[in-house]
Amino acid sequence: MAKTSAPKRGNPTPNSPPPSKRSKDSSTETTQSDGLDTDAAPAEVTAIEQPVSGHTIACTDVDAFAPGIRSYIDEELCERMAELSRHEKPAASIFGIDALTFPLSWGTAFDTAEYIYRDSVPVKVWFCGEIKYQGLILADGGAKASASLLVNVFRASDQARLDEILFDMASPPVDRELRNNMSADIWVGKFMAPPKAATADIKLFKDIYDLREPVEGKKPEEYSIYALKKRDVVMIEAYIQRWQPSQTYPREGGSSSEDGDKGKKKWEPRTWDSWKVKFQLKKIYVLYSAPASGDAPGDVPDDGAI
């Protein structure tokens with residue numbers, strides 16, 4: 001299938017899960033926000049030095065979710081999306097897109113520099129939209145090494161904030177002329193296996209949950225990846241990750257060099273002198289299952305896949 005010429009925002013690239021740097025005690029805070037913060041605490045590790053400054057999002061507008069933007073989106077769903085967009089749980093470093101009002105700073109240690117951190121915990125951002133392309137599985141239903149979604153956000157303020165993260169936080173920043181020529185959709189993705197991995201080693205993305213009704217303090221039920229489709233209304237939970245297009249994978253560091261003793265590759269620390277930014281997919285919450293249609297699952301080209 002031919003690809004479209006317009007680049008998409010946030011094309012998925014190889015990823016590694018960010019390490020958490022907080023203690024187990026910080027996981028004891030509870031929330032009333034649909035029971036979505038029920039993950040177990042990460043293992044305790046040594047705290048990292050915290051930066052004192054970072055990028056503060058300039059867009060302070062908060063648009064309303066408008067009933068009727070789609071025939072099946074009513075006032076109740078709009079209110080839920082607005083609440084989720086405002087949600088914040090600092091102890092877990094989870095923030096709705098409207099709550100990203102603090103400086104966003106990259107981690108300062110070797111194993112944290114790829115991700116935005118706050119109080120030693122990698123930041124997870126929530127934003128809502130509808131699926132424009134479901135690229136989590138192959139046409140035959142098999143697992144995809146580069147799982148991705150193309151998401152169309154509903155609010156102009158969300159688009160402005162997400163664009164600012166993707167473009168202004170890149171180094172060098174993406175220039176305005178190029179930004180204006182890009183499509184308005186957001187790619188989110190996660191690599192489920194290293195390149196050239198055997199098919200049997202590629203796992204399905206399973207962190208998909210049913211949030212069509214509030215669950216009031218408990219973890220939502222899992223939602224089938226095969227039921228997820230175009231036009232479903234979802235909330236995305238994603239890390240903010242920077243990456244270098246020229247980097248080699250797998251990567252404990254950046255560039256590789258020969259080990260004279262063993263003749264094998266060894267990895268040297270990466271220097272972050274330039275990078276791009278993407279959203280690494282962590283979870284998908286289904287807020288509404290759209291009416292079925294005759295659209296093929298892959299009717300939007302998977303420009304974000306490798």
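Of note:
- With contacts taken as Cα pairs under 8 Å at a separation of at least 6 residues, region 50-288 carries a relative contact order of 21 percent.
- Relative counts (whole %) of C-alpha pair distances in region 50-288, using bins that are 5 Å wide: 1, 6, 12, 17, 18, 17, 14, 8, 4, 2, 1, 0, 0, 0
- Protection proxy ranking of 68-81, 278-291 - average other beta-carbon atoms within 10 Å, highest first: 278-291, 68-81
- Normalised contact order of region 103-194, rounded percent, pairs of Cα under 8 Å and 6 or more residues apart: 24 percent
- Gained length - ALA292 relative to VAL215, 0.36 nm times residue gap less alpha-carbon distance: 25.3 nm
- Gain on full stretching of the segment that runs from ASP273 to GLU76 - 0.36 nm per residue minus C-alpha separation: 66.3 nm
Rule-based calculations on the coordinates, nothing more; no lab input. Just so we're clear, the structure is a prediction, and the values are computed from it rather than from any experiment. Here Cβ is always computed from backbone atoms with ideal geometry, including for glycine, and neighbour counts include all displayed protein chains.
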